[in-house]
Amino acid sequence: MHGCTTAAVIFFFFMTAFPACAAVVEHTFVVSHMNMTHLCKETRVMVVNGQLPGPAIEVTEGDSVVVHVVNKSPYNMTIHWHGVKQQLNCWADGVPMITQRPILPNNNFTYRFDVSGQEGTLWWHAHVPLIRATVHGILIIRPGHGAVSYPFPKPHKEIPIIIGEWWSEDIAQVDTTVSYNSASTINGKLGDLYNCSGAMEQGYMMEVEPGEIYLLRVINAALLSEYYLKIAGHKFTVVAADANYVSPYTTDIIAIAPGQTFDALVVADASPGRYYMVALPNQPPKPDFQSPVLPSRGILQYSNVAGGSQSGDVPMSPEMPDNHNNMLSFYFHGNLTNLHHPRHQPVPERIDERIFITLGLGSVCRNGRQSCKRGDNSLESLIVATMNSMSFLLPNVSTALLEARYYNTSNMDWLQELPDVPPRVFNFTDHSLIPAGPKEEKLEPSSRAALARRFRYGAVVEVVFQSTALMQSDSNPMHLHGHNMFVLAQGHGNYDMARDLARYNLVNPPVVNTVLVPRLGWVAVRFVADNPGIWYMHCHYEFHLTMGMVALFIVEDGQTTNTSLPSPPADIQAYGNANNLMPDKYYLQNEER
Ligand code: C2O
């Protein structure tokens, strides 16, 4: 309270508004089971403080956050602060066995981190397979202490819109490679497209005053799908992506992939009435496997509508695109540019490392064999998700990697370097590779290892992610912990440097923590490895993640203490162990560790 108080007092005499000082925002998160009934079925769900979505954390840029996690669940737990930069604070990143040992059942752990240099919408979620379906919530960062404010008209109200899924089974018992959610949700509500023996499920209701401006903070917390969001009769003006401002972009549709967040203004300028808000999951067309189409519907309602929510008129519906239309997502993401803002760094011009990473499925032989029968139903092989034909698998370690590395207690020779290029070059986006069949079989063979890549402190890294058609043609929302990425360009088909360098936006590319690599396409990003630690880099589709589409980005310390990872918080070694790390079902994919 030292310098800040003095500065504030002096400031007070010159300004009418008293500038607040950086505060400590403290929460206690009790993780436990709760029974909820939807679709005529009572289901056991894991939640924080009995809420779904979990509690919101609201801070002002520059604040410190303290969260005491009390694990009353039967599973080992960690919470990840998705998108929080955690500068020199990798210890608080919340990835089990990478940055910390997990919090055992009936144990507590306190996360401490500062939120600085970022404003907008981020979120938090369990970083344990599947359980994040219901253990998640919003993290709102408002502009700085002092005079700074939003670079757009001040909204009348701010409204979180958290898109999620409802699973009618205990999620921890589910195998996501074969199971699906039962509904989509907006702020935990299924909406009136679902019913239990004729009784409509409740939907999310957003009340607006005519003429006012609303700031929607949209999060895709779903495990499985990218979503299209529309509100009948209204437009969005997107103003931020992943807690970085973008140039205002007006659109009637938001495309949002798991892990992404968008802030968008909505003006209540339609004729007073009721309007449906629809979140529709999208998916690749056949021959990709088709999952049931399960949108969620909420209602935007004007406060002065006669009869209010009792009013009998049917709300107006937005015209939704076909759920196979992925071009709208491609355009949406392609139309985003960075806003000129004092907080924003220029794109680094120098490139120290270039990495080309193919994303897709593959297979490994069971029982450590070198060769085996592959293909859809082969019992001799196991399907895995890969980067450059390698699938992430952590050996059984008893200390978190970051801790082992800091104290030099393990040589970690078993880390396998993520190569610059894939081992096989082929037509990555050849449609005829999509269904599992003889054609792609020779491209399937993959290996499993603790995939990692080391970067010198300050290195500028350019990564081109290439989605492939191997057995499926999903997009891939790639999330990098501890860093933001400049999104320089995206395209359909195979990346071709000679042609595509010319398409790079080096002037005002959007800056994100989760980049959507389009289906059968590529995206080029650049980031500065300026945050020492071990950072997870992975696909935010749950099944890709649990099947191994992960690599560790290890950033070395710099020359000074200001550029080196400090010692861990005192309590880091006091909890957790590596046994019983995940719900048992997790091992369905990892049975041969
Ligand atoms: Cu939001 Cu490593 O994840």
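A few notes on this one:
- Antiparallel DSSP beta bridges within region 9-142, percent to nearest 5: 70
- Cα centroids of region 535-575 and region 23-72: 23 Å apart.
- Annotation: amide H-H contacts under 5 Å for HIS234 (H modelled 1.01 Å from N, sequence separation of 5 or more, or interchain): none.
- Heavy-atom accessible surface of region 157-334: percent carbon and sulfur, 1.4 Å: 52
- Per residue, the convex hull spanned by the Cα atoms of region 167-241 amounts to 138 cubic angstrom.
- Fully extending the segment from ASP413 to ARG44, taken as 0.36 nm per residue of separation minus the present Cα-Cα distance, adds 128.7 nm.
- Cut-off under 5 Å, modelled amide H: who pairs with SER247 long-range: THR337, ASN338, LEU339
- Under the Karplus curve 6.51 cos²θ - 1.76 cosθ + 1.60, θ = phi - 60°, whole-Hz ³J(HN,Hα) for region 206-222, x wherever Gly or Pro sits: 10, 8, 10, 9, x, x, 7, 9, 10, 9, 8, 10, 9, 10, 9, 9, 6
- Percent of beta bridges antiparallel (DSSP, the chain, rounded to nearest 5): 70
- Sequence-ordered 3J(HN,Hα) estimates for region 390-400 from the Karplus curve with 6.51, -1.76 and 1.60 and θ = phi - 60° stand at 10, 10, 6, 8, 8, x, 6, 10, 9, 10, 4 Hz, glycine and proline given as x.
- Ligands, DNA and RNA left out, the accessible area of region 9-142 computed with a 1.4 Å probe is 56% carbon and sulfur.
- The percentage of C-alpha pairs in the chain whose separation is greater than 36 Å is 34%.
- Take region 9-142 with all the other protein chains still there, run a 1.4 Å probe, and you get 34 Å² of accessible area per residue.
- Karplus-based coupling profile of region 541-555, in residue order and whole Hz: 6, 4, 6, 5, 5, 5, 8, x, 7, 9, 9, 9, 9, 9, 9, with θ = phi - 60° in 6.51 cos²θ - 1.76 cosθ + 1.60 and x standing for Gly or Pro.
- If R0 equals 60 Å, the separation of the Cβ atoms of TYR331 and SER378 corresponds to a calculated FRET efficiency of about 0.95.
- Sorted into 10 angstrom bins from 0, the C-alpha pair distances of region 9-142 split as 12, 40, 28, 12, 6, 1, 0 percent.
- Extents of region 368-420, largest first, come to 45, 27, 17 Å (Cα atoms, principal axes, whole angstrom).
- Rg to Rh quotient for region 157-334, alpha carbon positions, Kirkwood Rh: 0.97
- Full extension of the chain segment joining GLN345 with ALA199 gains 47.3 nm, where the gain is 0.36 nm per residue of separation less the Cα-Cα distance.
The values are calculated or read from the model by the stated rules, or taken from the named source; none is laboratory data. For clarity, every value in this text was computed on a predicted model and none was experimentally measured. Note: ideal-geometry Cβ built from the backbone for every residue, glycine included; neighbour counts use all protein chains shown. With ligands, DNA and RNA removed, areas are computed over all heavy atoms of the protein, side chains included. Shrake-Rupley method; radii C 1.70, N 1.55, O 1.52, S 1.80 Å.
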